[in-house]
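Just so you know, all these numbers are worked out from the coordinates, no wet-lab data involved. What you see is a predicted model; the values in this text were computed from it and never measured. Every residue, glycine as well, gets a Cβ built from its backbone with ideal geometry; the counts of neighbours run over all protein chains shown.
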Amino acid sequence: MTPALVVGAGPAGAVAALVLARAGVHVRLIDRSEFPRDKLCGDTLNPGALSILDRLGLGPRVRSRAIPISGMLVTGPRASVACDYPHGIAGAAILRRDLDAMLVDAAVAAGAEFMPSMRVLGPLTGIGTRVTGLRMGRRGERMSAGVVIAADGRRSRLASGMGLTRFAAAPRRWAFGAYFSDVAGLTTRGEMHIRTNGYTGVAAVGGGITNVCAVEELAGDRIPPDQVIARAIAGDPQLRDRFARARQVSPVSSLGPLAVEASAAGCAGLLLAGDAAGFVDPMTGDGLRFALRGGELAAEAALFELQAGIPAYKRLDEARRREFAGKWRVNRALRMLVGSPRAVRIAAAISGLWPQPVRHLVGIAGDVPLARS
């Protein structure tokens, strides 16, 4: 029996495997893909996320491959506020394929066994529905474990297989992302353009390439992904001219519906991390901080379960609430605001006259207090 299995080698799973391996646990890190691989993402790490990587000893390596982000530009229909993070603190932009490969390499260097191109079919259960391992591969081979961490994304076979997650009834937003060259007007800041029908994130990722992610509630629309990105740019007076000479250099990726709710942080023998523990709308640009810290918390709970022989999912749930409750409230409030065209117009008018609340929000979204601690 393998003491620990981690399913999903994104940031949450790789960090969980890294922490467990450094603690001396034999851990297998499993993913259905070969690495490096592309992933739809805003490609940005806020200052709080970088502070976690610093604590893990990975910050210098990530920064060596990343583009510094000095702050944020936040715009509304008729307002624009630009501000930098205080005290010289910075975030970073880095391609997810590069970041994820670095984190997996770190986990392997610490002693984790990486198993790519392995499809997990579902959980193995024992007495009292305790998760005891995995069914995987074409023939449903069984692999037993003392504890399993599910970090396999919004559509987690493990979390849904145990009845722990469901897609939220509302909002039904989808994300669309692509890379462009020759975008004009870029600065050292990340950008979030909030509109009455959603929002668009823009970030330079180096080499003259810019990440563009548009998030919209499509309702019953059936619009080709390419058209969603093109419409978001062409219909926005603050973006249209800047993309006049830009060229799309990648296909458009799509992801949705975004919102996933988790009823618990796991069950006996199973702990959730990353998007498998509930997908947070990425509007504030802090999704990777949730993933990295969530991976750490899942690994700490797994260590407790392995050592004490006591299910740790309630312990993990409490730890996640202590860590993330404040940010969850901010995200919910912003989701509600973006979902109301009238509220967006009012907020834009207020921020045009009084930008300080937006500057404060940028600090919260960037987890600046954590980066300073």
Applying 1/(1 + (r/R0)^6) with R0 = 25 Å to the Cβ-Cβ distance of Val108 and Glu318, what FRET efficiency is obtained, to the nearest 0.05?
0.20
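Give the whole-number value, in cubic angstrom per residue, of the convex hull volume spanned by the C-alpha atoms of segment 148-229. Walk me through the numbers before you get to the answer.
On the way: hull volume 12.7 nm³, N = 82.
Residue-normalised Cα hull volume stands at 155 Å³.
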Taking the Cβ of Glu300 as the center, what net charge do the other residues with Cβ under 14 Å away carry, scoring Lys and Arg +1 and Asp and Glu -1?
+2
Please compute P(r) over all alpha-carbon pairs of segment 91-232, binned at 10 Å starting from zero, and give each bin as a whole-number percent.
9, 25, 27, 25, 12, 1, 0
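Taking the Cβ of Leu5 as the centre, find all other residues whose Cβ is under 12 Å away and add up their charges (Lys, Arg: +1; Asp, Glu: -1).
Values: positive: Arg28, Arg135, Arg142; negative: Asp31, Glu113, Asp152.
Net charge in that neighbourhood comes out at 0.
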Just to check, using Stokes-Einstein with a Kirkwood Rh over alpha carbon pairs, what's the diffusion coefficient of segment 195-236 at 10 °C and 1.306 mPa s in µm²/s?
140
Distance from the Cα centre of segment 104-143 to that of segment 285-325, in angstrom?
19
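Taking the Cα centre of segment 173-255 as origin, sum charge times position over the Cβ atoms of Lys and Arg (+1) and Asp and Glu (-1), and report the length of that vector in debye to the nearest 20. Please list the in-between numbers first.
Details: 9 positive and 8 negative charges, 22 e Å.
The calculated dipole for segment 173-255 is roughly 100 debye.
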From Cα pairs below 8 angstrom and at least 6 apart in sequence, can you work out the relative contact order of segment 89-195, rounded to a whole percent?
14
Two pseudo-spin positions, 7 Å from Cα along C-beta at Ile223 and at Glu261, lie apart in nanometres by 2.7
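Restricting to Cα pairs below 8 Å that are 6+ residues apart, what does the relative contact order work out to for segment 173-255? Please round to a whole percent. Don't skip to the end; give the middle numbers.
Numbers: 142 pairs, mean separation 36.9, N = 83.
Taking the mean separation of contacting Cα pairs over the length of segment 173-255, I get 44 percent.
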